[in-house]
Amino acid sequence: MFPLQSSILIVDDSPVYLEMLESLLRELGFNNVTSATDGKKGLETLEAMKDTPNAIQLVFIDCVMPHVSGIEFIERVRSHATLSKLPIIIDSSPSEKDVFLQALQKGANSFLEKPIIKSALEKCLKSVWQHCQSDKDKK
């Protein structure tokens with residue numbers, strides 16, 4: 001799984017969801033969690049922190065948000081030279097399965113259905129971490 005000191009960014013326009021996911025991450029031992037209330041602020045946070053010791057190492061993002069959608073966020077991050085390999089997990093309601101597929105096609109590493117439960121979160125984190133490590137090993 002991701003090292004517990006990893007910096008994680010949660011991007012969602014729901015304060016309730018931000019608090020819930022941050023709480024689940026803390027239960028799993030992650031304490032370096034930052035949040036943004038829309039995709040535009042999420043991109044600004046990534047840019048501001050990219051060259052710092054606390055640079056973001058994983059992003060959770062909602063599909064449907066004002067200003068910059070989760071899909072547009074993924075496209076922008078994947079086209080950014082220094083952020084293009086950043087792991088991104090997209091999340092949304094089960095009724096938006098077509099959005100999950102589109103997100104994966106645009107470069108999301110995985111997806112989670114809301115409401116997120118701890119066991120699914122842990123499984124997803126392990127899977128994305130293993131995938132990231134296998135990509136590093138290929139280089």
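Coordinate-derived values only; no laboratory data. Bear in mind the structure is a predicted one, so any value in this text is a computation, not a measurement. With ideal geometry, Cβ positions are generated from the backbone for all residues, glycine too; neighbour counts draw on all protein chains shown.
Rank these for me by crowding, 11, 33, 77, 64, going from fewest to most other beta carbons within 10 Å.
On the way: 11 28, 33 18, 77 22, 64 13.
Final ranking by Cβ density, sparse to dense: 64, 33, 77, 11.
For the chain, what does the relative contact order come out to in percent, with C-alpha contacts under 8 Å and a separation of six or more? Write out the running numbers ahead of the final one.
Numbers: 212 pairs, mean separation 31.1, N = 139.
Across the chain, relative contact order equals 22 percent.
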Dividing the alpha-carbon radius of gyration of the range 1-82 by 2.2 N^0.38 Å (N being the number of residues), what value is obtained?
1.04
Quick calc, residue 52 & residue 93: beta-carbon distance into FRET formula, R0 41 Å, rounding 0.05, result 0.75
Label point distance in nm, residue 120-residue 44, each placed 7 Å from Cα along Cα→Cβ:
3.1
Apply the a/c threshold of 1.5 to the C-alpha gyration tensor of the range 11-52 and tell me whether it is rounded, prolate or oblate.
oblate
Quick one: Debye curve from the C-alpha atoms of the chain, no solvent, what's log10 I(q)/I(0) at q = 0.09, 0.15, 0.21 Å⁻¹?
-0.23, -0.67, -1.47
